[in-house]
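Please read the structure below before turning to the comments.
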Amino acid sequence: MVHFKQIDPKTSPDDAKRAFEEAENQFGGVINLFRVIGNAPNILKGILAFNKEINLSTELDKKLIEQVAMLTSALNRCDYCVNVHMKVGEGVGLSREDLILAMKAEAQDAKAQALLNFTNEVVRNRGIISTKTLESAKNAGFSDKALLETIGIIGLYTTLQYIRHVGDPDHDFPNVPEFNADEYGA
């Protein structure tokens, strides 16, 4: 696998340093994936700006965001991101069981299930979904704004996952042994 250099935030050029400072502000640290993306500070700045906007004004709560992120990570076969979202998801109050279920496009409540069905279909079919799935998500209480935000979250994490696959950063978080890319991946 191709492996990109991980940039050290302490010795990085000024444009990368500013991006790393924003990552620190948003996440409390600079994960190795961001150190890889630091090779292209403009891309890291764009990803962080997108992430900030999603989190500042989304209709989705943090638990739903993490369930969408976990499912997207599993479908995109990203073990690194599954590991990250297990930690972040538990940090926002999801149980390990909820996160394992999300990897399988399953949820314990009907509203989250409707959003995971929507997410599953968007990722697997590259944005082409059935009217039934769309109507089910809307009937569960998700507005057009919330569903567009979900697509944005999918896009953000898919971008990060593609970079992870190509850049192959060292893992920051413990491995999630329940994750099997061949079983859960799209």
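Provide a single number: the residues in segment 41-50 that are touching a residue at least 60 places away in the same chain (Cβ under 8 Å) and either outside any helix (DSSP H, G or I) or small (Gly, Ala, Ser) (or both).
0
Checking residue 99 against (1) farther than 15 Å from residue 153 by Cα; (2) among the hydrophobic types (A, V, I, L, M, F, W, C); (3) in contact (Cβ under 8 Å) with a residue 24 or more places away in the chain; (4) out of contact with any His (no Cβ under 8 Å at 6 or more places or on another chain), which single condition isn't satisfied?
The single condition residue 99 does not satisfy is (4).
Does segment 56-81 hold any residues that are free of Cβ contacts under 8 Å to residues at least 12 places away in the same chain and assigned to a helix (DSSP H, G or I), and which are they?
56, 57
What is the one condition in (1) under 28 Å from residue 134 (Cα atoms); (2) part of a helix (DSSP H, G or I); (3) in contact with a helix residue (DSSP H, G or I) (Cβ under 7 Å, 6 or more places away or on another chain) that residue 15 does not satisfy?
Unmet condition: (1).
Filter segment 128-186 down to residues that are among the aliphatic types (A, V, I, L, M) and not in a helix (DSSP H, G or I) and give me whichever is surrounded by the fewest Cβ atoms within 10 Å (Cβ to Cβ).
128
Based on this model, can you work out whether residue 53 counts as part of a helix (DSSP H, G or I), closer than 16 Å to residue 159 by Cβ, modelled with pLDDT under 95 and out of contact with any Leu (no Cβ under 8 Å at 6 or more places or on another chain)? Steps first, answer last, please.
Numbers: part of a helix (DSSP H, G or I): yes; closer than 16 Å to residue 159 by Cβ: yes; modelled with pLDDT under 95: yes; out of contact with any Leu (no Cβ under 8 Å at 6 or more places or on another chain): yes.
Criteria met by residue 53.
Scan segment 78-90 and tell me whether some residue there is touching a Pro at 6+ places or on another chain (Cβ under 9 Å), aliphatic (A, V, I, L, M), closer than 21 Å to residue 174 by Cα and assigned by TED's automatic domain parsing to the domain that holds residue 154.
The answer is yes, given that some residue of segment 78-90 is touching a Pro at 6+ places or on another chain (Cβ under 9 Å), aliphatic (A, V, I, L, M), closer than 21 Å to residue 174 by Cα and assigned by TED's automatic domain parsing to the domain that holds residue 154.
Go through (1) farther than 15 Å from residue 160 by Cβ; (2) touching a residue at least 24 places away in the same chain (Cβ under 8 Å) one by one and return the number of the condition residue 29 breaks.
Checking residue 29 against (1) farther than 15 Å from residue 160 by Cβ; (2) touching a residue at least 24 places away in the same chain (Cβ under 8 Å), the one that fails is (2).
Only one of 154, 163 is touching a Ser or Thr at 6+ places or on another chain (Cβ under 6 Å) and closer than 19 Å to residue 37 by Cβ; which?
Every option except 154 fails the conditions.
Taking segment 54-65 on its own, how many of its residues are loosely packed, with under 13 Cβ neighbours inside 10 Å and under 20 Å from residue 24 (Cβ atoms)?
Total satisfying the criteria: 1.
The values are calculated or read from the model by the stated rules, or taken from the named source; none is laboratory data. Keep in mind it's a predicted model, so treat the numbers as computed, not measured. Using ideal geometry, Cβ is built from the backbone for each residue, glycine included, and neighbour counts are taken over all protein chains shown.
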